[in-house]
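One structure is given below, encoded as structure tokens.
Each reported figure results from applying straightforward, stated rules to the coordinates on display, with no laboratory input. It should be emphasised that the depicted structure is a prediction, and the values quoted were computed from it without experimental measurement. With ideal geometry, Cβ positions are generated from the backbone for all residues, glycine too; neighbour counts draw on all protein chains shown.
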Amino acid sequence: MKALSLLQPWAWLIVQPDPKRPHYPLKDIENRTWNLPKSFELPQRVYIHASLGWDELPFEIPREITFQKNIKVPIKEDLAFGAIIGEVTIMGSTTLPMSYNPWFVGPYGFELMYPRAYDTPILCRGQLKFWTPPQEIMEPRYVKIDFDWCECGDYRQDHDLETGRCRMPDNMAHGMQPCLAFRLSRMASEIPEPFRIR
């Protein structure tokens, strides 16, 4: 599994689930000056690495947004640095300003879901762009996802088994596109039996 390094407090915000939308992280967009590689398969699970740096200047931005969500961002001394602190799933990439998402500044934004914060950070030196952590310090880590409930708000049984589209007549949450959680459930079926949750 690949890893992506971020400055704090952005890394912490990405591995923490939103209490009102638990399938999404508090910060569900990761802004980059470069887009996903063409060979990058979606959706894809990645480790989130907190680099040694601290992003001082824009800290008022997350503070304002998390204040609206009633979320307290830890102070610098309480955050982990130079370590893999969790994981998240990259669902796609956008280049369009999304007026409903205050986190997007572009020029590229990686769309994120299914965050998981580790109880114990894994000390590791980061790298630029996507990179692979040393195998000797990692171990299989799988997140439990409730595949019976999709992000559109309807149950998995209410989706077409072939296309993944929601069959509920009053739900246009994802239009003609398959539910992302439905697509992930197919990926989960490929996880080796000893590590499979569902």
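Using all alpha carbons of region 3-137, what is the percent of pairwise distances in each 5 Å bin, ordered from the shortest bin to the longest?
Calculated over all Cα pairs of region 3-137, the distribution is 2, 10, 20, 25, 23, 13, 5, 1, 0 percent.
At a 10 angstrom cut-off on C-beta neighbours, averaged per residue, how do the peptides 104-110, 119-125, 29-35 rank from highest to lowest? Please report the intermediate quantities before stating the final value.
Values: 104-110: 16.6, 119-125: 13.1, 29-35: 14.9.
Highest-to-lowest ranking by the protection proxy: 104-110, 29-35, 119-125.
Taking amide H positions as placed in the peptide plane 1.01 Å from N, state which residues far from residue 8 in sequence (5 or more) or on other chains have amide H under 5 Å from it.
Placed amide hydrogens put 51, 53, 55 under 5 Å from residue 8.
Over the Cα atoms of region 70-133, what radius of gyration and what Dmax do you get, in Å?
14.4, 37
Along region 79-95, what does the Karplus equation 6.51 cos²θ - 1.76 cosθ + 1.60 (θ = phi - 60°) give for ³J(HN,Hα), rounded to whole Hz, x for Gly and Pro?
After applying 6.51 cos²θ - 1.76 cosθ + 1.60, I find 9, 8, 10, x, 7, 7, 10, x, 8, 7, 10, 8, 9, x, 9, 10, 10 Hz.
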